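Each remark here refers to the structure printed beneath this line.
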Amino acid sequence: MDNRVSVISIIIKDEESAGAINDLLHEFRQYVVGRMGIPYRERGVSIISVVLDAPGDVTSSLSGKLGMLRGVSAKTLTAKI
């Protein structure tokens, strides 16, 4: 399967999920191109954007696992290239 460039946007409402998020990102590290995290203290959330170069099933797997964590929302956008 061909690799696709994707961005997973993660919004964290429960800080206790941060360790599990980092564990998942470490597990999929071979596909991670880069990541950016923004603490939005005024709203009580943190936002992480993760850029992947991975097969679609890998991207879906990571996004799904992230979205199953308590207090975490994850959405994926994949490039049409």
List every residue pair whose Cβ atoms sit under 6 Å apart, with the two residues 6 or more apart in sequence or on different chains, where the first one lies in the range 58-72 and is at positive phi and the second, anywhere, is exposed (fewer than 15 other Cβ atoms within 10 Å of the Cβ) and basic (Lys, Arg).
Gly71/Lys13
Hits in the range 37-71 (condition: over 18 Å from Asp2 (Cβ atoms), in a strand (DSSP E or B) and within 10 Å of the chain's Cα centre (by Cα)):
Ile47, Ile48, Ser49, Val50
Mind checking which pairs have a first residue in the range 15-39 that is closer than 16 Å to Gly64 by Cα and surrounded by 12 or more Cβ atoms within 10 Å (Cβ to Cβ) and a second that is among the acidic types (Asp, Glu) and modelled with pLDDT of 95 or more, Cβ under 8 Å, 6 or more apart or different chains?
Tyr31/Asp53
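The values are calculated or read from the model by the stated rules, or taken from the named source; none is laboratory data. Note that this is a predicted model, so its numbers are computed, not measured. In this analysis, Cβ positions are derived from the backbone assuming ideal geometry, glycine residues included, and neighbour counts consider all displayed protein chains.
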